[in-house]
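A quick write-up on the structure given underneath.
The values are calculated or read from the model by the stated rules, or taken from the named source; none is laboratory data. Owing to the predicted nature of the structure, the values given are computational and were not obtained by experimental measurement. Cβ placement follows ideal geometry from the backbone for every residue including glycine, while neighbour counts extend to all protein chains displayed.
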Amino acid sequence: MNTAARMLGTPARGLLVVIVMAWAIFDDLPRDLEEAATIDGATKWQVFWHVALPLMKPGVATTTILCFIFAWNDYAFASTFGGPGTSTIPIAAALLLTRTGIDWGQLLAIGTIVVLPMAVFGLLVKRWLVTGLTLGALK
């Protein structure tokens, strides 16, 4: 049951983020460009592929990045539904904090393993993340 709950729970929460953000991305697209492409003779598929999709790239990249971050930092869900055989890296790090003491060496090693991939990933995608997060902002 624990494995099934984890397999279904993480995508379900990610799907909610995708739906909300995709709604905002699609709502922010200028309708005039789509109408102009249709008047010029483009089909619905061509309008989507050549007009809407290039405008949506920063928003789709931001949505992908945020879903990846939420799945990576899945502490609350993993601690609630996980068992001894299904712990994630953040749960393993939390288990190093005991009443008898803290194993600082292992805690720092796990902390590096947790943070380093996200830091590298963040540096690689920061251009799209900033653009996507400011998509619906007003001047």
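Some points to look at:
- Counting only helices (runs of 4 or more DSSP H) that fall entirely inside region 56-139 and contain at least 1 residues that are modelled with pLDDT of 80 or more, the qualifying elements are 104-133.
- Extreme residue, surrounded by the fewest Cβ atoms within 10 Å (Cβ to Cβ), among residues of region 17-27 that are at pLDDT 80 or above and of a type outside the set (Gly, Ala, Ser): Asp27
- One residue stands out in region 28-59 among those that are of a type in the set (Lys, Arg) and more than 22 Å from Val125 (Cα to Cα): the one that is surrounded by the fewest Cβ atoms within 10 Å (Cβ to Cβ), namely Arg31.
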